[in-house]
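*Asks:* Submitted below is the structure of interest, expressed as structure tokens.
Derivation of every value follows stated rules applied to the coordinates shown; laboratory data play no part. What you see is a predicted model; the values in this text were computed from it and never measured. Cβ sites come from the backbone with ideal geometry, for glycine too, and all protein chains shown count toward neighbours.
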Amino acid sequence: MITIYEYTGNYNLLNPSEKSVQIGVRNLPEGCPNKFICETWEPGEEPDIEGLSPSEVIEAINERTQSYWVNTSKTNHQAIANWAKENAKLIDSEWAKGEQERLDKKIQKLTERREELNQYHEPSKV
């Protein structure tokens, strides 16, 4: 399942107390030059990825990488971004399907938990 993620952590090995935000897309489909793409930002400088599709997040990551004067990931990120542009419909469709399945499972678990809690009080009419 294609996953978009955003984590805040200490990713700088030379300065372990420094915080940064890592945004990425992982589990990309067969045919993509790599199975994942990610980049880091200073906290507060990261793009708002809420509501973006994987193909849009990949483009934001690539734009960040290409803005650097020197970056060893430039060529790889550009290849992934080019592939993603050509296959955006596939990537976004697979991701949406996976997100729907994940949400359906979560709804089912929450429904079951709600039913379990009914034993403790009168159920509300929601």
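*Asks:* Say each of E45 and R102 gets a label point 7 Å from the Cα, pointing the same way as Cα to Cβ; how far apart are those two points in nm?
*Replies:* Here the answer is 2.7 nm between the modelled labels.
*Asks:* Among E56, E42, E115, which one shows the biggest mean-square fluctuation in a GNM of the chain, springs joining Cα atoms closer than 10 Å?
*Replies:* Highest fluctuation of the listed residues: E115.
*Asks:* Another question, then. Multiplying the sequence separation of N76 and K109 by 0.36 nm and subtracting their Cα-Cα distance, what value in nm do you get?
*Replies:* Going from the current span to full extension adds 7.9 nm.
*Asks:* Okay, moving on. Can you give the net charge of the other residues whose Cβ lies under 15 Å from the Cβ of A84, counting K and R as +1 and D and E as -1?
*Replies:* Local net charge: -3.
*Asks:* Which of the GluC sites (Glu not before Pro) across region 1-51 are loop residues per DSSP, with 10 or fewer other Cβ within 10 Å?
*Replies:* Here the sparse-neighbourhood loop sites are E30, E45, E50.
*Asks:* Test of understanding: given the chain, find the longest segment containing no chymotrypsin sites (Phe, Trp or Tyr not before Pro) that are in a DSSP loop and have at most 14 other Cβ atoms within 10 Å.
*Replies:* 1-67
*Asks:* OK, next. Please identify every one of the trypsin sites (Lys or Arg not before Pro) in region 12-113 that sits in a loop by DSSP and has no more than 15 other beta carbons within 10 Å of its own beta carbon.
*Replies:* Here the trypsin sites (Lys or Arg not before Pro) that fit, given the DSSP loop and packing criteria, are K19, K35.
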